[in-house]
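Note sheet for the following structure.
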Amino acid sequence: MTIGAIRILGVDPGLRTTGWGVIEAAGSRLSFIGCGSIETDAAASLAERLAAIHRLLTGLVEREGPDEAAIEETFVNRDPQSALKLGQARGVALASLALTGLPVAEYAANLIKKTVVGVGHAEKRQVAMMVRMLLPASTARTPDAADALAVAICHAQHRAARARGAA
């Protein structure tokens, strides 16, 4: 890790697929570390799927060694059942990160998109394209992994702005 750099884990929570992305931020310089997706078995019970998210996120934190984490806030979905399941997956992800001792920041989807793309209602493909531009070494192959990297980028930008404001 670069001196003065901070390692950030971004998480895009979901019951079926939880995206994750790790970057290092040193001032305004961002470096890609890794990304991927946690997939749960649709045939498994809800409890088993939530336990898998917890177990795999905890292992990811141990393996990647982030200093901080950031997670996307839940947006309101038209389907209440889907929103409830997403909320449960997000809750498990938040608890898993907090239980490892990481400070966890939360960002609204519109703020993440505005920070990364410049437009709060950007499409997923626009987010993925900007992530590739900001992190040329990125290997994000799924929208969930790209979204998680966008969460990490958003956190890097906003924590830097807070630090400048405090100085």
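The values are calculated or read from the model by the stated rules, or taken from the named source; none is laboratory data. Only a predicted model underlies this, so the values are computations on that prediction, with no experimental measurement involved. Cβ placement follows ideal geometry from the backbone for every residue including glycine, while neighbour counts extend to all protein chains displayed.
I need the full set of residues from segment 1-23 which are farther than 14 Å from Thr74 by Cβ, outside any strand (DSSP E or B) and either touching a residue at least 60 places away in the same chain (Cβ under 8 Å) or not hydrophobic (A, V, I, L, M, F, W, C) (or both), in order please.
Thr2, Gly4, Arg16 - these are the residues of segment 1-23 that are farther than 14 Å from Thr74 by Cβ, outside any strand (DSSP E or B) and either touching a residue at least 60 places away in the same chain (Cβ under 8 Å) or not hydrophobic (A, V, I, L, M, F, W, C) (or both).
Of the numbered conditions (1) out of contact with any helix residue (DSSP H, G or I) (no Cβ under 6 Å at 6 or more places or on another chain); (2) within 25 Å of Arg159 (Cβ to Cβ); (3) not in a loop (DSSP other than H, G, I, E, B); (4) not aliphatic (A, V, I, L, M), Cys35 satisfies every one except a single condition; which is it?
Going through the list (1) out of contact with any helix residue (DSSP H, G or I) (no Cβ under 6 Å at 6 or more places or on another chain); (2) within 25 Å of Arg159 (Cβ to Cβ); (3) not in a loop (DSSP other than H, G, I, E, B); (4) not aliphatic (A, V, I, L, M), Cys35 breaks only (1).
Please enumerate the residues belonging to segment 97-113 that are in contact with a helix residue (DSSP H, G or I) (Cβ under 7 Å, 6 or more places away or on another chain) and not in a helix (DSSP H, G or I).
Within segment 97-113, Thr100, Leu102, Val104, Ala105, Tyr107 meet the criteria.
Quick check on segment 68-78. Is at least one of its residues among the small types (Gly, Ala, Ser), touching a Gly at 6+ places or on another chain (Cβ under 8 Å) and at pLDDT 95 or above? It would help to see each step written out before you state the result.
Residues of segment 68-78 that are among the small types (Gly, Ala, Ser), as a first pass: 69-70.
If we keep only those that are touching a Gly at 6+ places or on another chain (Cβ under 8 Å) as well, we get 69-70.
If we keep only those that are at pLDDT 95 or above as well, we get 69-70.
Yes, some residue in segment 68-78 is among the small types (Gly, Ala, Ser), touching a Gly at 6+ places or on another chain (Cβ under 8 Å) and at pLDDT 95 or above.
If I go through segment 135-163 residue by residue, how many of them are surrounded by fewer than 16 Cβ atoms within 10 Å (Cβ to Cβ) and hydrophobic (A, V, I, L, M, F, W, C)?
The number of residues fulfilling the criteria is 4.
Of all residues being in a helix (DSSP H, G or I) and without any contact (Cβ under 8 Å) to a residue 24 or more places away in the chain in segment 38-50, which is surrounded by the most Cβ atoms within 10 Å (Cβ to Cβ)? Just the residue, please.
Checked segment 38-50; the qualifying residue surrounded by the most Cβ atoms within 10 Å (Cβ to Cβ) is Glu48.
What is the number of the single condition among (1) over 26 Å from Leu86 (Cβ atoms); (2) in contact with a Cys (Cβ under 8 Å, 6 or more places away or on another chain); (3) β-branched (Val, Ile, Thr) that Ile6 does not meet?
Looking at each condition in turn, Ile6 falls short on (2).
How many of the residues making up segment 114-163 are of a type in the set (A, V, I, L, M) and over 19 Å from Trp20 (Cβ atoms)?
Adding up the residues that qualify gives 8.
Of these, Gly34, Gly14, Gly10, which one is more than 16 Å from Ser96 (Cβ to Cβ) and crowded, with 16+ Cβ neighbours inside 10 Å?
Criteria check complete, one pass: Gly34.
In the set Ala69, Ala93, which member is assigned to a strand (DSSP E or B), surrounded by 22 or more Cβ atoms within 10 Å (Cβ to Cβ) and within 12 Å of the chain's Cα centre (by Cα)? Don't jump to the end; show me each part of the working.
Numbers: Ala93 fails: assigned to a strand (DSSP E or B).
That would be Ala69, the only listed residue that is assigned to a strand (DSSP E or B), surrounded by 22 or more Cβ atoms within 10 Å (Cβ to Cβ) and within 12 Å of the chain's Cα centre (by Cα).
Yes or no: Leu99 more than 10 Å from Ala150 (Cβ to Cβ) and out of contact with any Leu (no Cβ under 9 Å at 6 or more places or on another chain)?
Yes.
Given the conditions (1) in contact with a Ser or Thr (Cβ under 9 Å, 6 or more places away or on another chain); (2) acidic (Asp, Glu); (3) not in a helix (DSSP H, G or I), which single one is not true for Glu62?
Here Glu62 meets the rest and fails (3).
Pull up segment 130-157, narrow it to residues that are of a type in the set (Val, Ile, Thr) and not in a helix (DSSP H, G or I), then point me to the one that is modelled with the lowest pLDDT.
Keep residues of segment 130-157 that are of a type in the set (Val, Ile, Thr), which gives 131, 139, 142, 151, 153.
Restricting the remaining residues to those that are not in a helix (DSSP H, G or I) gives 139, 142.
On the way: Thr139: 88, Thr142: 92.
The selected residue is Thr139.
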